[in-house]
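Report on the following structure.
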Amino acid sequence: MITKNSKIWKYISNLFVAIDQLGNAIAGGNPDNTISARVGYYNYYIYNRETVPWYWYWFMQIIDITFYPVDGPNHCHEAYHNDPGEIFDNRATNFFIAIAATLIIIPSCVLIALVLYLLSALRIVKRKKIERDKNLEKRVDSCNFLLNSMLHEIDHHGLDFPLDNAREKYIKLAEKIEILDGHLN
């Protein structure tokens with residue numbers, strides 16, 4: 001039997017994420033983001049609720065409804081939060097948006113929705129509970145991994161180039177870490 005913790009489930013899940021990321025790349029997005037995370041980014045980060053373009057709003061509605069049986073409401077918003085530290089594009093052209101809608105989002109959502117709602121009706125899949133504490137802990141681990149990777153690179157190659165821009169970003173990062181530390185204490 002395939003359970004949520006099985007190796008087979010993880011393998012299938014990884015394949016679907018890879019296909020999703022490929023679709024996002026075809027639609028002109030960062031190949032390391034899922035379509036849902038990108039749509040969440042546009043709806044919750046780039047625009048405020050009053051100025052979000054209609055197509056990003058409708059992509060979010062279509063995707064959120066599609067994944068409702070397993071993720072509940074706000075799938076795209078949660079996907080954005082669960083794609084930590086990623087660089088999202090913010091230069092989408094209408095051409096790539098048209099590709100995203102006609103070739104990727106609408107056809108795949110119709111198929112996925114049919115499967116998910118059927119599996120939900122048969123009680124084979126059920127809505128997952130968001131474990132925000134575990135999600136945040138994973139993101140802290142991810143940040144730690146990235147910082148360790150930077151230190152390793154510096155130790156291995158040294159710093160023989162100007163880092164003025166990086167230094168300014170480091171100062172802003174240190175300020176955010178201090179704010180986060182205040183929330184955690």
- Note on the structure: Per-residue Cβ contact counts at 10 Å, fewest first, order His77, His157 as His157, His77
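For the ranges 63-72, 142-151, what's the packing order if you count other beta-carbon atoms within 10 Å of each residue, average per peptide, and put the highest first? Working shown, then result.
Working: 63-72: 19.0, 142-151: 11.2.
Top to bottom by mean Cβ count within 10 Å: 63-72, 142-151.
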- Item | Distance in nm between pseudo-label sites at Lys126 and Ile12 (7 Å out along the Cβ direction from Cα) | 1.8
- Query: Over the alpha carbons of the chain, what is the largest minus smallest coordinate on each principal axis, giving the biggest first in Å?
  - Reply: 57, 42, 33
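How big is the range 15-93 by the Kirkwood estimate over distinct Cα pairs, in Å? Please list the in-between numbers first.
Values: mean 1/r = 0.0803 Å⁻¹.
One over the average 1/r among Cα pairs gives 12.5 Å for the range 15-93.
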- If you put +1 on each Lys and Arg Cβ and -1 on each Asp and Glu Cβ, how big is the dipole of the range 62-185 around its Cα centre, in Debye rounded to 20? 780
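Placing unit charges on C-beta atoms (Lys and Arg positive, Asp and Glu negative, everything else neutral), compute the dipole magnitude of the range 7-121 about its Cα centre in debye, rounded to 20.
Numbers: 5 positive and 9 negative charges, 35 e Å.
In debye, rounded to 20, the range 7-121 gives about 160.
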- Query: To the nearest 0.05, how large is the calculated FRET efficiency for Tyr170 and Ala101 if R₀ is 30 Å and r is the Cβ-Cβ distance?
  - Reply: 0.15
- Note on the structure: Expressed in nanometres to one decimal, the distance between label points 7 Å along Cα→Cβ at Asp155 and Glu137 is 2.6
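Hey, could you get me the Stokes-Einstein D for the range 66-141, Kirkwood radius over alpha-carbon pairs, 10 °C and 1.306 mPa s, rounded to whole µm² s⁻¹?
Translational diffusion coefficient: 108 µm²/s.
Compute the relative contact order of the chain as a whole-number percentage, counting only Cα pairs closer than 8 Å that sit 6 or more residues apart in sequence. Working shown, then result.
Working: 140 pairs, mean separation 36.9, N = 185.
Over the chain, the number comes to 20 percent.
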- Dividing the helical contributions, -39500 (n - 2.57) per DSSP H run of n ≥ 4, by the residues of the chain yields a 222 nm value, nearest 500 deg cm²/dmol, of -21500 deg cm²/dmol
- Query: Which of the GluC sites (Glu not before Pro) found in the range 127-185 are loop residues per DSSP with 14 or fewer other Cβ atoms within 10 Å of their Cβ?
  - Reply: Glu131
- Query: Each residue of the range 176-185 in order: what ³J(HN,Hα) in whole Hz does its phi give by Karplus 6.51 cos²θ - 1.76 cosθ + 1.60, θ = phi - 60°, with x for Gly and Pro?
  - Reply: 5, 5, 5, 5, 4, 4, x, 5, 6, 9
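Subtract the Cα-Cα distance of Arg91 and Thr51 from 0.36 nm times their separation in residues, and report this length gain in nm to one decimal.
Values: separation 40, 0.36 × 40 = 14.40 nm, distance 1.62 nm.
Gain on stretching Arg91 to Thr51: 12.8 nm.
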- Please name whichever of Thr34, Leu163, Phe145 sits farthest to the positive end of the charge dipole of the chain, dipole taken about the Cα centre and charges placed at Cβ: Lys and Arg +1, Asp and Glu -1. Thr34
- Which whole-Hz ³J(HN,Hα) couplings does the range 129-141 yield from phi under the Karplus relation 6.51 cos²θ - 1.76 cosθ + 1.60, θ = phi - 60°, glycine and proline marked x? 8, 7, 9, 4, 4, 5, 4, 5, 5, 4, 5, 5, 4
- Message: For Asp89, what residues show an amide H to amide H distance below 5 Å, using hydrogens built from the backbone and excluding near sequence neighbours?
- Response: Asn30
- Query: Out of Leu118, Phe96, Tyr55, whose Cα points farthest toward the positive end of the dipole of the range 1-130 (charges: +1 Lys, Arg; -1 Asp, Glu; placed on Cβ)?
  - Reply: Leu118
- Give a residue-ordered list of calculated ³J(HN,Hα) values for the range 15-23 (Karplus: 6.51 cos²θ - 1.76 cosθ + 1.60, θ = phi - 60°; whole Hz; x for Gly, Pro). 5, 5, 5, 4, 5, 4, 5, 4, x
- Spacing of the two label points (7 Å from each Cα toward its C-beta) at Leu119 and Asp181, in nm: 4.4
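Every number here is computed from the coordinates shown, using simple stated rules; none is lab data. Given the structure is predicted, the values throughout are model-derived calculations rather than measurements. Note that we place each Cβ from the backbone using ideal geometry, even for glycine, and neighbour counts take in every protein chain shown.
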